[in-house]
1. Could you check how many residues of segment 83-140 are over 20 Å from Leu50 (Cβ atoms), part of a helix (DSSP H, G or I) and free of Cβ contacts under 8 Å to residues at least 24 places away in the same chain?
2. Could you please find all residues in segment 67-81 being in a loop (DSSP other than H, G, I, E, B) and over 19 Å from Cys118 (Cβ atoms)?
3. Output the residue which, of all residues in segment 143-158 that are in a helix (DSSP H, G or I) and surrounded by 14 or more Cβ atoms within 10 Å (Cβ to Cβ), is modelled with the lowest pLDDT.
4. Which residue out of Tyr105, Tyr69 is surrounded by 13 or more Cβ atoms within 10 Å (Cβ to Cβ), in the same structural domain as Val119 (by TED's automatic domain parsing) and of a type outside the set (A, V, I, L, M)?
5. Take the residues in segment 4-21 that are surrounded by 10 or more Cβ atoms within 10 Å (Cβ to Cβ) and at pLDDT below 85, then tell me which one is farthest from Gly104 (Cα to Cα).
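The values are calculated or read from the model by the stated rules, or taken from the named source; none is laboratory data. Every value quoted in this text rests on a predicted model; they were computed, and no experiment measured them. Here Cβ is always computed from backbone atoms with ideal geometry, including for glycine, and neighbour counts include all displayed protein chains.
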Amino acid sequence: MNRDTFPTRRILLRTEMQRHAAHAMINSMPLDDSKPLEIIGREEAKARKLDQNALMWVGPLADIAQQAYHQGRTYSAEIWHELFKVMYLPEDDDPEINLLVKEGYRKWDYLPNGDRICVGSTTKLTVTGFSRYLEQVQAHGASMGVIFHANPRERMAR
């Protein structure tokens, strides 16, 4: 059987009507031994929230940039963020990847010269994935002696 690429379809199962739509969608899918379709059922992975992102920049990253010294110098929040993405973004083969990132995520790509580069972004993390990322960032900062502000929201109001 030669068929076109099957488009990704997504149904959030909340009502009986959506359950019927899912049944109809499955019944209309083509059967193909050489290119089988995959059906996955899981809880909805909510994308991270913008206020989580804002709090990251005025909270942990700002505290680390102001207080952490490495090899006798400080680094900007942006530089620390790049390091933490390499260290703490989920790997593409993480067994919990579907809980941590949205569809289309990938952490690594390759430059034309073959060098590997981190292309992952916190914008592709789910609420769960972003919370885990921030916990790892804060643990890293704490290991360097950083004292975090109790309420970074106060900084946002300034």
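1. 3
2. Ala68, Tyr69, Gln71, Gly72, Thr74
3. Arg155
4. Of the residues listed, the single one that is surrounded by 13 or more Cβ atoms within 10 Å (Cβ to Cβ), in the same structural domain as Val119 (by TED's automatic domain parsing) and of a type outside the set (A, V, I, L, M) is Tyr105.
5. Ranking the candidates gives Ala21 first.
For every residue, the table says whether it meets (1) assigned to a loop (DSSP other than H, G, I, E, B); (2) under 27 Å from Thr126 (Cα atoms); (3) free of Cβ contacts under 8 Å to residues at least 24 places away in the same chain.
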{"residue": "Leu12", "(1), (2), (3)": "yes, yes, no"}
{"residue": "Asn27", "(1), (2), (3)": "no, no, yes"}
{"residue": "Asp32", "(1), (2), (3)": "yes, no, no"}
{"residue": "Ile40", "(1), (2), (3)": "yes, yes, no"}
{"residue": "Gln52", "(1), (2), (3)": "no, yes, no"}
{"residue": "Met56", "(1), (2), (3)": "no, yes, no"}
